[in-house]
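Asks: This structure is in structure tokens; I'll ask about it shortly.
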Amino acid sequence: MTEDFIIFAGTANPELAAGVARELGVPLGACAIERFPDGELSVRLDEPVRGREVFVVQPTGPPVNENLVELLAFADACRRASSARVTAVVPYFGYARADKRNGRREPITASMVADLMQAVGITHVVTLDVHTPQLEGFFRIPFDSLSAVGVLAEALREKLPEGAAVVSPDAGRARMAAEYAQRLGAPVVVLLKRRESGTETRVTHVVGDVRGRPCLIVDDMISTGGTIVESVKALVAAGARPGVSVAATHGLLLDGARDKLERAGVREVFVTDTVKTAAEGRAQLHVISVAPLVAAALRRLLSNESLGDLC
Ligand code: R5P
């Protein structure tokens, strides 16, 4: 493994970046990030990167645009300072849901983000449980989406009630649900949903038998909590045992989401630290670190080894 690498932390999740650096036994790279009164941003690298492998850890969660521009500025600084390569470690990839045009005269913002990342000299992207795996196709550089399912399933193993079913909240998450189910030795149930408006969805079918069973809903992300609340309602209506558990890689848990989940009767929520979680510290919320997983991936990249079984 090459020793000549450096890890910079953006401001989106410095705790995770520090955890990754600790796992790899290196200090974080020195840098200064400043925001000016007019909203502009300045990034300065305070150590040389010439000829070195650079990793910039910066999830593009809320505030998405701020965090994205900061990542781009970091990469541009590295490229202009002659780094050998710049790997963007984007544990949560903002705009991943904007992967197609839902109507006329709309952008495909995920594709635009991919273009911007490549334009500033990012040479590799490492992310986790990206919303749509096809996002890789927007890039002409290596793009690896690691899976946090193993980490979360391990944390859930002792806590899950006997006989629980793993539930996918929509058809798109069925494969992820199957992976959890295989690791936890549980059956899979899939919900089918219909989008009623930009912010509302309705579950139309529960595929599988949940009568009398405890349920674990799994998803890539919890943003407003709306998807989980609708899923809980549908499961309870179909006879599931009240007190549903939830596991999601990205716990954005935007304003009020945690209260919404509590009111819906969610028993426990398991998320990772891909983004800083506003509701951290609240009872029934378990935040599991992906720092060891990300560090393992970077170690392999530095040794030119495959990430296959981490994805
Ligand atoms: C949707 O397809 C995603 O996988 C998530 O289910 C969704 O984005 C979560 O958002 P919210 O918590 O706002 O319902």
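Each value in this text was obtained by applying a stated rule to the coordinates, not by laboratory testing. Keep in mind it's a predicted model, so treat the numbers as computed, not measured. Heads up, the Cβs are rebuilt from the backbone with ideal geometry, glycines too, and the neighbour counts pull from every protein chain shown.
Asks: Distance in nm between label sites at Asp38 and Arg50, each 7 Å beyond Cα in the beta-carbon direction?
Replies: If labels sit at Asp38 and Arg50, their model points lie 3.3 nm apart.
Asks: Related question: Would you tally the net charge around Phe8, using a Cβ to Cβ cut-off of less than 14 Å, leaving Phe8 out, and scoring K and R as +1, D and E as -1?
Replies: Details: positive: Arg44, Arg52, Arg79, Arg85; negative: Asp46, Glu47, Glu53, Glu70, Asp76.
Once positives and negatives cancel, what remains is -1.
Asks: Turning to a different aspect of this structure: On a C-alpha basis, how far is the centre of segment 175-237 from the centre of segment 85-154 in Å? Whole number, if you could?
Replies: 24
Asks: What residues from segment 89-111 fall in the zone where the backbone N is under 12 Å from a label point 7 Å along the Cα-to-C-beta line of Gln118?
Replies: 111
Asks: May I ask you to derive the FRET efficiency for Arg211 and His286 from their Cβ-Cβ distance with R0 = 22 Å, giving the value to the nearest 0.05? Don't skip to the answer; put the middle values down first.
Replies: On the way: r = 27 Å, r/R0 = 1.25.
E between Arg211 and His286, to the nearest 0.05, is 0.20.
Asks: More than 22 Å apart: what percent of Cα pairs in segment 149-288 qualify?
Replies: On the way: 2815 of 9730 pairs.
Beyond 22 Å sits 29 percent of the P(r) for segment 149-288.
Asks: Run the numbers for Glu66 and Ser303: contour at 0.36 nm per residue of separation, minus the present Cα-Cα distance, in nm. Working shown, then result.
Replies: Working: separation 237, 0.36 × 237 = 85.32 nm, distance 3.26 nm.
Extending this stretch completely gives an extra 82.1 nm.
Asks: Further question: Tell me, Ile6, Ile141, Ile222 in order of fewest to most beta-carbon neighbours within 10 Å? Before the final figure, lay out each step's value.
Replies: Details: Ile6 22, Ile141 17, Ile222 28.
Least crowded to most crowded, the residues run Ile141, Ile6, Ile222.
Asks: Rank the residues His250, His286, His131 as a footprinting-exposure proxy: fewest other Cβ atoms within 10 Å of their Cβ go first. List each step's numbers first, then the result.
Replies: Details: His250 28, His286 16, His131 24.
The order, fewest Cβ neighbours first, is His286, His131, His250.
Asks: Where Lys and Arg each count +1 and Asp and Glu each count -1, what net charge lies around Leu128 among other residues with Cβ under 11 Å from its Cβ? Spell out each step's value before the answer.
Replies: Numbers: positive: none; negative: Asp129, Asp144, Asp220, Asp273.
Computed value for this residue: -4.
Asks: What spacing in nm lies between the two simple spin-label points modelled at Glu158 and Arg175, each 7 Å away from Cα in the Cβ direction?
Replies: Simple spin-label model gives 3.3 nm for this pair.
Asks: Take every DSSP beta bridge whose two residues both sit in the chain, then give the antiparallel share in percent to the nearest 5.
Replies: Values: 13 of 50 bridges.
The answer is about 25 percent antiparallel.
Asks: For segment 221-311, what number results from the quotient of the Cα radius of gyration and 2.2 N^0.38 Å? Before the final figure, lay out the partial values.
Replies: On the way: Rg = 16.1 Å, N = 91, 2.2 N^0.38 = 12.2 Å.
Rounded to two decimals, the normalised Rg is 1.32.
Asks: Any number yet on Rg/Rh for the chain, C-alpha, Kirkwood? If you can, show how the numbers build up before the last one.
Replies: Numbers: Rg = 20.0 Å, Rh = 20.2 Å.
Across the chain, the Cα-based Rg/Rh ratio is 0.99.
Asks: Within straight cross-link reach of Lys233, meaning Cα distance under 24 Å, which lysines are found once same-chain residues fewer than 8 apart are removed?
Replies: Partners found: Lys159, Lys193, Lys260.
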